[in-house]
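A short write-up of the structure that comes next.
The values are calculated or read from the model by the stated rules, or taken from the named source; none is laboratory data. As the structure is a prediction and not an experimental result, all values here were calculated from the model. All Cβ positions, glycine included, derive from the backbone under ideal geometry; neighbour counts span all protein chains shown. All accessible areas refer to the heavy atoms of the entire protein, side chains included, with ligands and DNA or RNA removed. Shrake-Rupley method; radii C 1.70, N 1.55, O 1.52, S 1.80 Å.
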Amino acid sequence: MPRRRFQSGRVYQRGTRWVGSYREYEINPETGKRARRTITFDATVTSERAAKVALQPYLDDYNARAKENLKPSAPRGGKTVRALLDEWTDKILPNRKPGGARAALSHIRAYILPQLGELPLREMNLSQHQAFVTAVGQRVDRRKTAKNVYGTLGSILNLGRKWGYAIPNVEKRDIVFPADKKPQPQIYFFDADTAARVINAAAYPYKLMLLIAASCGLRIGEVTALKVSNLDFKRKLIQITGALDYATRKESTPKSDNSAAPVHMSELLAKHLHGWLKKHYVANVDGYLFTNSKGRPYLSDNVVKYGVHRAMAKLGIEAPKGVHVGIHCFRHGVTSELLESGTPIHVVTRLMRHADSKVTLEHYAHIVGDAERIASEKFSERIGQNIAQLESDSELESTSAVKTA
């Protein structure tokens with residue numbers, strides 16, 4: 001039972017005596033209720049006014065305790081979205097990884113602030129949410145981008161509710177997101193043969209960096225963050241413990257908890273890593289496996305530009321227009337080859353260090369594996385038998401018609 005703050009109690013006459021009544025402060029743990037206490041005053045209390053004066057010390061004690069334990073009231077509903085964004089940026093943004101922080105700031109500056117900045121939080125109802133998503137969709141023409149931007153807004157508003165701000169609760173399932181107005185970009189990846197050609201055409205140290213990416217399916221930030229201490233030649237493992245931000249080279253944890261896991265070091269890779277440590281590795285304070293002439297780890301963009309793109313240009317390999325080609329093409333290639341060769345999905349999921357098989361399937365749904373090919377061929381054979389019969393019947397009918405004529 002909630003406590004009523006600042007009780008006034010009540011007084012009444014019972015026979016010849018005046019009586020005062022009020023609720024006790026403490027809750028009975030057995031009943032979960034506050035007991036009512038009744039005080040019968042002595043014969044000196046002869047009027048209602050005197051009874052109220054006599055009851056007041058008991059009420060003062062209750063009210064003092066209630067005031068002492070009074071919780072601060074929730075912030076006023078007049079706060080704007082801009083004010084909440086400022087508070088979120090100050091309190092939460094520093095805890096984000098650099099990449100995630102940049103994406104959130106981009107969403108805030110480009111979409112959320114211009115459209116919603118001056119709107120009071122209490123007016124953030126379903127209609128406002130839908131209008132915002134529709135406006136973003138008209139600008140970006142991509143359903144995924146609109147969802148990402150709305151995800152940032154929703155995360156901030158949810159935290160605002162937890163902080164006590166008066167913000168209407170809106171469910172994501174009630175939002176209608178825009179349809180894609182442009183075809184999905186083609187997913188570009190290197191098969192094993194193309195990967196080998198690109199790796200051979202690249203110069204050191206990019207050659208070895210690309211070989212690691214191709215053999216282990218690592219992300220670019222995980223490759224540039226590798227340290228000598230991550231190499232376990234005895235057990236043939238590479239421990240993935242960190243990732244470098246592509247822009248700042250600041251080291252943080254890998255993309256997810258599942259990403260921070262060991263990967264297999266093949267015999268081919270072990271051979272080249274031994275050669276690198278013996279002939280090319282330059283010791284540095286942080287122990288990074290690959291460092292530039294200034295002793296710093298490589299920028300991700302430079303690995304792509306001077307490693308992948310130069311090798312492709314040298315080989316005359318042209319990527320489809322508008323398709324981004326980077327280290328992730330090797331990761332896609334590894335997964336594609338494994339799935340197409342019939343490797344069980346749960347094995348591929350572990351190798352790619354995904355959270356679960358659903359993530360693997362969502363990212364690589366375009367892959368047609370052996371099982372799908374076999375099933376498709378069997379079904380096509382059955383159709384083909386009927387089609388062949390129909391063709392024979394048609395030919396017979398045509399022949400008969402000609403003879404009749």
If you take the Cα Rg of the stretch 28-138 and divide it by 2.2 N^0.38 Å, with N the number of residues, what do you get? 2.03
Estimated FRET transfer efficiency (Thr80, Val176; beta-carbon r; R0 25 Å; 0.05): 0.45
Tail beyond 14 Å, pair distance distribution of the stretch 278-319 (Cα, percent): 58
When the charge dipole of the stretch 92-212 is computed with +1 at the Cβ of Lys and Arg and -1 at the Cβ of Asp and Glu, the Cα pointing farthest to the positive end, of Tyr188, Met124, Leu157, is that of Leu157
Let's see if you can work this out: charge +1 on each Lys and Arg Cβ, -1 on each Asp and Glu Cβ, no other charges. What is the dipole magnitude of the stretch 132-265 about its Cα centre, in debye to the nearest 20? 160
Is there a quick way to get the dipole size of the stretch 212-316? I mean about its Cα centre, with the Cβ of Lys and Arg at +1 and of Asp and Glu at -1; what is the value in debye to the nearest 20? 380
Counting other Cβ atoms within 10 Å, which trypsin sites (Lys or Arg not before Pro) in the stretch 269-355 have at most 15 and lie in a DSSP loop? Lys294, Lys321
What do you reckon, how do His272, His354 stack up by accessible area (1.4 Å probe), largest on top? His272, His354
If you roll a 1.4 Å probe over the heavy atoms of the protein chains, what accessible area per residue do you get for the stretch 135-292, in Å²? 53
Relative compactness, the stretch 187-267, computed as alpha-carbon Rg over 2.2 N^0.38 Å: 1.12
Against the rule of thumb 2.2 N^0.38 Å, how large the Cα Rg of the stretch 194-345 comes out: 1.01
Protein accessible area in the stretch 87-225, 1.4 Å probe - carbon and sulfur %: 51
Please name which of His107, Leu93, Tyr12 has its Cα lying farthest along the dipole of the stretch 8-150 towards the positive end, using unit charges on Cβ (Lys, Arg +1; Asp, Glu -1) and the Cα centre as origin. His107
What are the equivalent ellipsoid semi-axes of the stretch 124-207, built from the alpha-carbon gyration tensor (square roots of five times its eigenvalues), in whole angstrom, biggest first? 42, 18, 9
For the stretch 119-159 and the stretch 167-242, compute the distance between their C-alpha centroids and round to whole Å. 29
Assuming 1.002 mPa s and 20 °C, estimate D for the stretch 73-176 with Stokes-Einstein, Rh taken as the Kirkwood radius over Cα pairs, in µm²/s. 154
